[in-house]
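Here's the structure we're looking at; comments come further down.
The values are calculated or read from the model by the stated rules, or taken from the named source; none is laboratory data. Predicted model, so just to flag it, every value in this text is computed and none were measured. Don't worry about glycine lacking a Cβ; one is built from the backbone with ideal geometry, like all the others, and counts go over all protein chains shown.
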Amino acid sequence: MAEGEKARLIAWSSELRAVHQRLREALRVTRAALDAGAANHSIAPDLLLFCHGFCTALTGHHQGEDRELFPAVAAAHPELREVLRKLTDDHAMIGQLMDGLRAAAERRASPGDLERHLEGIAAIMESHFRYEERQLLTVLDSLALDADPHDVLGPL
């Protein structure tokens, strides 16, 4: 196997870790914007943009996994189908939480209400990412998937 081919095979685990880190950072930035608005006793207009950007990024990541990554993993590792089902169920639950955050941001809910939404998303998201990494990183080290990382893991 050529060196470039080996690098591509290993890259899926690295790509997943990098996307998770960018999503964690997007959540941190969104929370910082909320904190700044709360300190000034107003919801900054930019908060809607931060919430929208974070929601779009996380949703795109999960859709890409469901559409591209998980079917490839299931084909190569059928023993992981139950893990993939749980991860897909998590995606649906996180999607519902994201819908709640979007609705709260659009109605310009109080900083406390928005923080509760973000806290719930953060807790589930972090648990999901850790489980996903524990279950899939080793598998992704050797996954032969010829696809654009943005299609597979989202547009981050």
Kindly check whether there is at least one residue in region 20-43 that is at pLDDT below 90 and of a type in the set (D, E, K, R). yes
Could you run through region 66-93 and say how many residues are in contact (Cβ under 8 Å) with a residue 12 or more places away in the chain, in contact with a helix residue (DSSP H, G or I) (Cβ under 7 Å, 6 or more places away or on another chain) and part of a helix (DSSP H, G or I)? 13
Hey, can you tell me all the residues within region 94-110 that are in a helix (DSSP H, G or I) and more than 16 Å from Arg28 (Cβ to Cβ)? Ile94, Gly95, Gln96, Leu97, Met98, Asp99, Gly100, Arg102, Ala103, Ala104, Ala105, Glu106
So, Arg116, is that one in a helix (DSSP H, G or I) and touching a residue at least 24 places away in the same chain (Cβ under 8 Å) or not? no
Pairs returned, first residue in region 12-25 that is of a type in the set (Gly, Ala, Ser), second residue that is surrounded by 14 or more Cβ atoms within 10 Å (Cβ to Cβ), beta-carbon separation under 6 angstrom, 6 or more apart or interchain, are Ser13/Leu137; Ser13/Leu140
Go through region 82-109 and give me each residue that's loosely packed, with under 12 Cβ neighbours inside 10 Å and more than 21 Å from Phe70 (Cα to Cα). Ala103, Glu106, Arg107
Cβ-Cβ below 8 Å, separation at least six or inter-chain, first residue in region 119-139 and closer than 12 Å to Leu16 by Cα and surrounded by 19 or more Cβ atoms within 10 Å (Cβ to Cβ), second acidic (Asp, Glu) and modelled with pLDDT under 95: which pairs? none
